[in-house]
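A.B. asks: The following block contains the structure, expressed as structure tokens.
The values are calculated or read from the model by the stated rules, or taken from the named source; none is laboratory data. This one's a predicted model, so the numbers in the text were calculated from it and none came from an experiment. So basically every Cβ, Gly included, is an ideal-geometry build from the backbone, and we count neighbours across all protein chains shown. SASA here: full protein model, heavy atoms, side chains in, ligands and nucleic acids out. Shrake-Rupley method; radii C 1.70, N 1.55, O 1.52, S 1.80 Å.
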Amino acid sequence: MSLFATLLAAGTQAQAQTPAPAAQWAAPATGLPLRILLNDVAPYTLHGEAGRPGMHHEIMLALAREAALPVTIGSAVYVRLALSLKDGSADLVLGVEGPELDSIAQRVAAIHAFKFVVLTKKSSGIQNAAQLKGKLLGVARGAFYDDSINKDESIRKFGVADPFQGVRMLALDRLDAVISSDYLLSYALKQSGVDATQFAGPFAVNEKSYVLYASKSVSGESIRRLQAAMEALQKAGQIERILRSYQ
């Protein structure tokens, strides 16, 4: 089933989100572990599910094993990712490609592509980005979607903690629309417990990639090992298998 199909699937009540515990994988390498920070939102990071730490968590563990590098993995709200590179509290983050991260960090490798999609109610009549003018749009704090969204001051933005909050507010008519990645909105709709039949089919605004970014203090040797490991995982189909397991 495609992500756009699952966006309209009704589901069960979402579990409460709690801070992710750090996870460590010991590798035959010297030096301190690389500190990785991930977006603390389902399904990228999950809590309390045995054997299912989340899509991005699994990808980073597989990458660390392939690269034979020791890591610690934590998670935080999305806006914290760029800040963690600036203040030195993280060495690597998995974030949406964009001007802010490009300006402060080194690109290591693209991990996977996704689409930014907008969800509305059928009754709104909103079918494209141009019709968001004057509307209240639920956005993730610190996220860059597209110039047509971020730089259009006529679109009123409301920062939501996560897509789960956005979907619930949309169902209660407290928002006119909510924007997020197809993976996040699909998962939120399945878990939020709202009546999905009230929503229109989502429309895409942009296609982006989640990219592994490294602090400028990370060594060139570590960067090269991570890049070679990601290439090997992609060729083996392991990244695609992890992505499919969370759809």
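A.B. asks: What's the number of the only condition in (1) at pLDDT 50 or above; (2) in a strand (DSSP E or B) that GLY31 fails to meet?
C.D. replies: Of (1) at pLDDT 50 or above; (2) in a strand (DSSP E or B), only one is false for GLY31: (2).
A.B. asks: Would you be able to tell me the number of residues in segment 63-75 that are under 17 Å from the mean Cα position of the chain (by Cα) and open to solvent by less than 10 Å² (accessible area, probe 1.4 Å)?
C.D. replies: Of segment 63-75, the ones under 17 Å from the mean Cα position of the chain (by Cα) are 73-75.
From what is left, the residues that are open to solvent by less than 10 Å² (accessible area, probe 1.4 Å) are 73.
Number of matching residues: 1.
A.B. asks: Could you please let me know if ASP40 is touching a Pro at 6+ places or on another chain (Cβ under 8 Å) and open to solvent by 30 Å² or more (accessible area, probe 1.4 Å)?
C.D. replies: Details: touching a Pro at 6+ places or on another chain (Cβ under 8 Å): yes; open to solvent by 30 Å² or more (accessible area, probe 1.4 Å): yes.
Spelling it out, ASP40 is indeed touching a Pro at 6+ places or on another chain (Cβ under 8 Å) and open to solvent by 30 Å² or more (accessible area, probe 1.4 Å).
A.B. asks: Let me ask something additional. Could you check segment 225-247 and list, in sequence order, the residues that are under 20 Å from GLU97 (Cβ atoms) and loosely packed, with under 15 Cβ neighbours inside 10 Å?
C.D. replies: Taking segment 225-247 first, the residues under 20 Å from GLU97 (Cβ atoms) are 226-227, 229-231, 233-234, 239-240, 242-243.
Listed by number, the residues that qualify are GLU231, GLU240.
A.B. asks: Looking at SER217, SER209 in this structure, which one is loosely packed, with under 12 Cβ neighbours inside 10 Å, among the polar types (S, T, N, Q), over 18 Å from ASP162 (Cβ atoms) and touching a residue at least 60 places away in the same chain (Cβ under 8 Å)?
C.D. replies: SER217
A.B. asks: Can you find even one residue in segment 141-151 that is over 15 Å from LYS208 (Cα atoms), in contact with a Ser or Thr (Cβ under 9 Å, 6 or more places away or on another chain) and crowded, with 16+ Cβ neighbours inside 10 Å? Can you show your working first?
C.D. replies: Going residue by residue through segment 141-151, those that are over 15 Å from LYS208 (Cα atoms) are 141-142, 151.
Okay, now just the ones that are also in contact with a Ser or Thr (Cβ under 9 Å, 6 or more places away or on another chain), so none.
No, that holds for no residue.
A.B. asks: Here is a further query. So which pairs qualify, if the first residue must be in segment 80-91 and over 13 Å from ILE36 (Cβ atoms), the second must be part of a helix (DSSP H, G or I) and open to solvent by less than 20 Å² (accessible area, probe 1.4 Å), the Cβ gap must be under 9 Å, and the two must be at least 6 apart or on different chains?
C.D. replies: Sorted first by the residue in segment 80-91, then by its partner, the pairs are ALA82/LEU101.
A.B. asks: Sort out which residues of segment 76-132 are within 30 Å of GLU240 (Cβ to Cβ), surrounded by 14 or more Cβ atoms within 10 Å (Cβ to Cβ) and among the charged types (D, E, K, R), and write them in order of number.
C.D. replies: ARG80, ASP91, GLU97, GLU100, ARG107, LYS115
A.B. asks: Give segment 104-124 a look and list any residue that's farther than 18 Å from LEU184 by Cα and part of a strand (DSSP E or B), or say none.
C.D. replies: Selection gives GLN106, ARG107, VAL108, ALA109, ALA110.
A.B. asks: Restricting to segment 188-206, count the residues that are open to solvent by 30 Å² or more (accessible area, probe 1.4 Å) and under 22 Å from HIS57 (Cα atoms).
C.D. replies: Qualifying residue count, segment 188-206: 2.
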